[in-house]
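Below is one structure; the comments refer to it alone.
The values are calculated or read from the model by the stated rules, or taken from the named source; none is laboratory data. From a predicted model like this one, the values you see are computed outputs, not experimental measurements. Every residue, glycine as well, gets a Cβ built from its backbone with ideal geometry; the counts of neighbours run over all protein chains shown. Heads up: the accessible areas ignore ligands, DNA and RNA and are worked out on the full protein's heavy atoms, side chains in. Shrake-Rupley method; radii C 1.70, N 1.55, O 1.52, S 1.80 Å.
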Amino acid sequence: MCGIFAYTGNKESLPILLDGLQSLEYRGYDSVGIYIPNAGIVKSVGAVQELKKKITSTMVGTSGIAHLRWATHGEPTEVNAHPHVDCSDTIYVVHNGIIENYKELKEKLISLGHTFRSATDTEVLAHLIEHQLKETEDFELAVVASLHEVKGTYGIAVSYKGDPEKIIAARLGAPVVLGIGINKYFIASDASPLLRHTKDVVYLRDGDIAVLTPQNYRIRTYTDVEVIRKKQVLDFDVEQVKKDGYEHFMLKEIMEGPQVIENTIRGRLVPEKGLVKLGGLDAVNEQLRTIERIIIVGCGTAYYAGLVGEYMLEEYAGIPVEVEIGSEFRYRNAPVDKHTVLLAVSQSGETADTLEAIREAKRKGALTLGIVNAVGSTIARETDAGIYNHAGPEIGVASTKAFISQLTALALLTVHLGRQRGMSIDVGRNITKELKLLPEKIQSVLDQRELIYSLAQKYAGSRDFLYMGRKYNYPIAFEGALKLKEISYIHAEGCGAGEMKHGPIAMIDTEFPTLAIAPHDSVYEKMLSNIEEIKARKGKVLAIATEGDIRLTDIISDIIYIPQTLEMLTPILSAVPLQLFAYYTGVAKGFNVDRPRNLAKSVTVE
Ligand code: F6R
């Protein structure tokens, strides 16, 4: 969701800014823009490649700000692209977030004589700062005073012609990372574009304002002129954010599956004792023994991971669990108390709806936990304790490797809480032993990618798709359908197989194929009946089944096999072919699967 990037130092800023934008491209690609003091501003509709065509060799300077837009207010046009400028062309602003009171601010500024050029909410910031600058005659104070007037969310970087080496950045509800080099400082929406310059970063907190020059940086708040924020060292490197020879990040990230699961379980399994060690929960372990209920909150793919978690936790840890999407939980009055755990699942750790759900639960006294991939992200910091996925940076807009690592982390949490409350050592041993075998089993699914490729070619012409599953694979039906929708724009619906005859079966005909997730588990026989029901209506069926299943081969021919594992862990295997199927279908249809239309990686606005 919009990417901001800024630099000040002693090197040519243009290549640094363009490179920063390129690394952030997965956050937004409606339009793009760059400003270098004394050299000018260039904007373009589309992605960085389009901007490059318009840049001339005269854009010389040693600081600058840049932006990738995911449109909220105003169409993706050049005029609406950032940076936005004040009336006198002196203040330049890039912004990620939404200024909620922009209409009233705009009216006020217009009545004061300001002229607006764009339809965006962001432009009010440039004019507000211009207005305050007249009053205070100080760039920093003008930014601080302007932010006082603003309601909403922002991650911003501001440049002022009168002080061209200085960049001022601020954060409220949208992520901002400060990169610290030697005589060079950076601002970015996330850490990935900083890696090639520095590993030392500071994650700004809400209300922080950072003032950067080539010589140093300082962080302040609205009231204090200086606050100290802890420096962190990034724990991933530049290689991890490259495509590694793959055509797309999405494919690279799916293919990383075995390594990802190794990383999620590394150092956490104690199979001989049937235990798991989760250091991130140490501080709250005693409290966890007395909890009575868990509410899992997430959005999109993370929500579907939560649904699988519900089945795991209720079956093996005996704790009542509810799962909710963040955007619903935050606005309704759910009864929550100190015996409730709010467990947030989020890859980015920045999703606005999930974050607000955490804050709401905290206000009501709940213990908050996170299953988060992005180290140091807002959700990781604001929850009381948690489990990091350790999946590494996920760049492909559609979540793949993060999903299977979320499921794995939920399985770890299940053993941890289960063993606190009566799960036998044998059951604990069984689950931990099976978790250890998952990387190898995922590899054997990935080895079938040629088959999955040919099935994707066969079905790519479909207009619709039904995905159905039961029990642990019920959420996977929804996740598989979401992946296909996002990447191939084929209309796909998830459905509990038992619900078929309560409505969805009406859609089935020869042109409406079904993908059935039918591993050899406790609901296998029921899935077979559901598949028969579809076949009886001349519907085409493609299935995910367990290796060695010969009964299915009598009914259908398009089958992708996954290895046998514990029923609760089957989603970790069955999700992988669905990711590959969506990927190859999107590619077969000629789409850029790393940049699905209208989507952005990190949804930091409501
Ligand atoms: C789907 C997808 C989204 C995210 C959702 C939550 O492929 O990527 O549905 O899962 O926006 O994002 P995080 O996990 O960052 O909170």
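Quick one: grab the alpha carbon gyration tensor of the chain, order the square roots of its eigenvalues as a ≥ b ≥ c, and give me rounded if a/c is under 1.5, else prolate or oblate depending on whether a/b is larger than b/c.
Working: a/c = 2.07, a/b = 1.63, b/c = 1.27.
Because a/c hits 1.5 or more and a/b exceeds b/c, the chain counts as prolate.
What FRET efficiency comes out for the pair Lys11/Lys151, r = Cβ-Cβ distance, R0 = 45 Å, nearest 0.05? The pair Lys11/Lys151 has a calculated efficiency of 0.75.
Once you keep just the Cα pairs under 8 angstrom separated by 6 or more residues, what percentage relative contact order results for region 448-592?
Working: 265 pairs, mean separation 46.6, N = 145.
Normalised by residue count, the contact order of region 448-592 is 32 percent.
Once the chain from Thr56 to Glu239 is taken as fully extended at 0.36 nm per residue, the excess over their C-alpha distance is 62.9 nm. Our estimate of slack between Ser88 and Asp206, defined as 0.36 nm per intervening residue step minus the Cα-Cα distance, is 39.5 nm. Evaluated with a Cβ-only charge set (Lys, Arg +1; Asp, Glu -1), the chain carries a dipole of roughly 460 debye about its Cα centre, given to the nearest 20.
With R₀ set to 25 Å, the beta-carbon distance separating Asn592 from Lys458 gives a calculated FRET efficiency near 0.65. Based on C-alpha pairs under 8 angstrom that are at least 6 apart in sequence, region 341-420 has a relative contact order of 26 percent.
Looking at region 89-157, the GluC sites (Glu not before Pro) that sit in a DSSP loop and have at most 15 other Cβ atoms within 10 Å of their own Cβ are Glu100, Glu137. Count the net charge of all other residues whose Cβ sits under 10 Å from the Cβ of Gly370, scoring Lys and Arg as +1 and Asp and Glu as -1. That sum, taken over residues with Cβ under 10 Å, equals -1.
The alpha carbon centroids of region 397-428 and region 256-328 are separated by 5 Å.
Note that region 3-239 presents 38 Å² accessible area per residue, ligands and nucleic acids not counted, probe 1.4 Å. Calculated accessible area for region 248-300 comes out at 41 Å² per residue, all protein chains present (probe 1.4 Å; ligands, DNA, RNA ignored).
Using a probe radius of 1.4 angstrom, the carbon and sulfur fraction of the accessible surface of the chain is 50%.
List the trypsin sites (Lys or Arg not before Pro) within region 538-568 that DSSP assigns to loop and that have no more than 16 neighbouring Cβ atoms inside 10 Å.
Values: sites: Lys538, Lys540, Arg551; in loops: Lys538, Lys540, Arg551.
Answer in residue order: Lys538, Arg551.
Classified by the C-alpha gyration tensor, region 381-524 has a prolate form. Its axis ratio a/c, with a ≥ b ≥ c, is 1.5 or above, and a/b is larger than b/c. Scanning the chain for DSSP H helices at least 24 Å long along the axis (C-alpha atoms) with a Kyte-Doolittle mean no lower than -0.5 picks out 401-420, 425-446, 570-588.
Which of the residue pairs Lys184/Lys401; Lys103/Lys338; Lys106/Lys231; Lys103/Lys184; Lys242/Lys362; Lys230/Lys601 have a Cα-Cα distance greater than 31 Å in the structure shown? Walk me through the numbers before you get to the answer.
On the way: Lys184/Lys401 34 Å; Lys103/Lys338 40 Å; Lys106/Lys231 37 Å; Lys103/Lys184 37 Å; Lys242/Lys362 38 Å; Lys230/Lys601 27 Å.
Distance filter (> 31 Å) returns Lys184/Lys401; Lys103/Lys338; Lys106/Lys231; Lys103/Lys184; Lys242/Lys362.
With the helix formula -39500 (n - 2.57) applied to DSSP H stretches of n ≥ 4, the chain reaches a computed 222 nm mean residue ellipticity of -10500 deg cm²/dmol.
Residues in region 348-501 average 31 Å² of solvent-accessible surface per residue, probe 1.4 Å, ligands and nucleic acids excluded.
Mean separation of Cα pairs under 8 Å and 6+ residues apart, divided by the residue count of the chain: what relative contact order is that in percent? Numbers along the way, then the final one.
Details: 1406 pairs, mean separation 72.6, N = 606.
Computed value for the chain: 12 percent relative contact order.
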